[in-house]
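Have a look at the structure below before the remarks.
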Amino acid sequence: MARHPLATGGPGVSLPGQTISWLADGNNWRGVNGILDLTVDHLEVTGLSMLIAAAVALPLGIGIGHRRRGGRVITVVANAGRAIPPLALIIILASEPSFGVNTRTAVAALSVFAIPPMLINAFTGVRNVDVDALDAARGLGMNGPQLLARVEIPLALPLLATGVRIALLQTFATATIASFAGTRTLGTIIQINQATNQEQAVLAGALVIAIEALLLDVVLAWIQGAVKPGPRTRRRWGEGRPALDSVVAVSVSEAA
Amino acid sequence: MLGANCLRANSWVCGAYLSSREGQIIHFTIQHLELSGLSIGLGLVFAIPLSLLALSRRWLRASVLSLLGVIYTIPSLALFVLLQPWLGVTHATPVVVALVAYSQLLLVRNFLVGLDEVPAEVIDAARGMGYGPLALLWRVRLPLALPAIFAGLRVTTVSTIALLTVGGVINQGGLGSLLFQGFQDNFHAQVLVASVLIVVLGILADVVVVGLQWLATPWQRAGQA
């Protein structure tokens, strides 16, 4: 442990060099603990947790937003989601024998933390629909459900999409540490090689995780841009990033 | 649940754990406060010039926010591990540097949102009163941006305290280290106490920042009364 990582390996072979050769070795990509298989596992855990969380958060956020009340509850959920470290919940659940160290535990914890971003954005999106637009729709004779389906949800779509994007990126990131709860994710590369002091493999694993997270972000930004209604405008990568449009909005309204 | 039996039974709630490991608990709590406080403080120190830089040119603003967004997207455990070879494995510098880097997106964005939201009429009026660009920024735009800046600081404070926990996986995470050690030893009371303390620290720190905001923006108080 006390050894400096730069001091490991054969004479004259630097850690970056070792890391690159680890990544260049096809054996580290194939097989049960290979990068490819673990990527699939990682995406499966992320996707499953997202589905469960979305099934809870989106109807709830849209419903509360439609009634235009209960903003306080949303704020509490948002703050709790920020104050409770995912690692703590993962470890508590994994330590509790009724859950145990398994994929179900990881999915349960990841789902819980995917809820707040989607809930806040669904709520904010629906609640912020222009009152004039609602009045006009009512004037056309729309009832509650019609209002929701034809006016509120379509107008809330950009914020809904942002919420899903934030939640997805966050779940992907948290799935990394979920490997400690006994599920197989890309974090497994860090976990098993840390235990055996294989610094170059730990570093390579971290690099793979970082690059895949950035790729996911690019893909999500692209999808979000493609489904965005209205005139297509060229956007620089990173502009309008999930970056917490919602956090800024919620916090500013708290402060006001 | 108060006797030493709960230690043997590995109960989640165990008074004997608190009394027998008091020193250790206090040690990690102080470490957690130090590391998160240092990260938040340094975060503010870097966010101010970065925001001013982003404010100075339109293209710089987009580039700065894009770069901060890219950093923010990197999962924390990966970033900690990637920084270790360059910054050292035996101390918490990689964790602090990563937390400072993450805080920049939250802080700079809210800084810019706050400065943007100052009404044009107010700026015009100040110019008319003879304020130069610097005096305008310091004495008009900055005070009016304080609510948004504090909103960013609140989010940063709470999430930094929570995120430091992940440092426990590489044994550099304050109470996160206590949490992770408890997990590896299958010691339930330690896992629960560490988790609860992290959440409590986050809530208390949030209250402190709200208090600071109350002190820093007396005119808002007057409006509420």
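Every read-out reported here was derived from the displayed coordinates using simple, explicitly stated rules and does not represent laboratory data. Quick caveat, the model's predicted, so the values are computed rather than measured. Glycine gets a Cβ as well: all are built from the backbone with ideal geometry, and neighbour counts include every protein chain shown.
Brief remarks on what is shown
- Mean-position separation - Cα centroids, the stretch B:153-225 and the stretch A:211-225, in angstrom: 30
- Taking N as its residue count, the alpha carbon Rg of the stretch A:93-219 over 2.2 N^0.38 Å: 1.50
- Sparse packing (at most 15 other Cβ atoms within 10 Å of the Cβ) combined with a DSSP loop state is found for the following trypsin sites (Lys or Arg not before Pro) in the stretch A:49-122: A:68, A:69.
- Using just its DSSP H runs of length 4 or more, each adding -39500 (n - 2.57), chain B gives a mean residue ellipticity at 222 nm of -26000 deg cm²/dmol after division by all residues.
- Taking only the Cα atoms of the stretch A:53-99, the ratio Rg/Rh comes out at 1.13, with Rh defined as the Kirkwood radius.
- Each Lys and Arg Cβ is given +1 and each Asp and Glu Cβ -1; about its Cα centre, the stretch A:15-255 then shows a dipole of about 720 debye.
- In the stretch B:22-216, taking the dipole from charged Cβ atoms about the Cα centre, the farthest positive-side position among B:94, B:160, B:69 is held by B:69.
- Separation of the residue B:71 and residue B:222 label points, Cα + 7 Å toward Cβ, nm: 3.8
- A Cβ-based charge dipole, computed about the Cα centre of the stretch B:22-216 with Lys and Arg at +1 and Asp and Glu at -1, lands at about 640 debye.
- Normalised by the number of residues in the stretch B:22-216, the average gap of Cα pairs under 8 Å and 6 or more apart makes the relative contact order 26 percent.
- Interatomic Cα distance distribution for the stretch A:15-255, bins of 10 angstrom, percent: 7, 27, 30, 21, 10, 4, 1
- On Cα atoms only, tilt of B:76-87 relative to the major axis of chain B in degrees: 90
- The stretch A:42-93 versus the stretch A:103-117: alpha-carbon centroid distance in Å: 8
- The Rg/Rh ratio of the stretch B:22-216, with both radii computed over alpha carbons and Rh defined as the Kirkwood radius, is 1.07.
- Between the stretch B:65-86 and the stretch B:106-129, the Cα center-to-center distance that results, in Å: 31
- The protein assembly as shown: projected area of the alpha-carbon convex hull, averaged over directions, in nm²: 27.6
- Projecting the Cα atoms of B:114, B:60, B:184 onto the charge dipole of the stretch B:22-216 (Cβ charges, centred on the Cα centre) puts B:60 farthest toward the positive pole.
- Relative to the Cα centre, the charge distribution of the protein assembly as shown, modelled as +1 at Lys and Arg Cβ and -1 at Asp and Glu Cβ, gives a dipole magnitude of about 840 debye.
- Look at the dipole of the stretch A:74-155 built from charges on Cβ: of A:147, A:79, A:134, the Cα furthest out on the positive end belongs to A:79.
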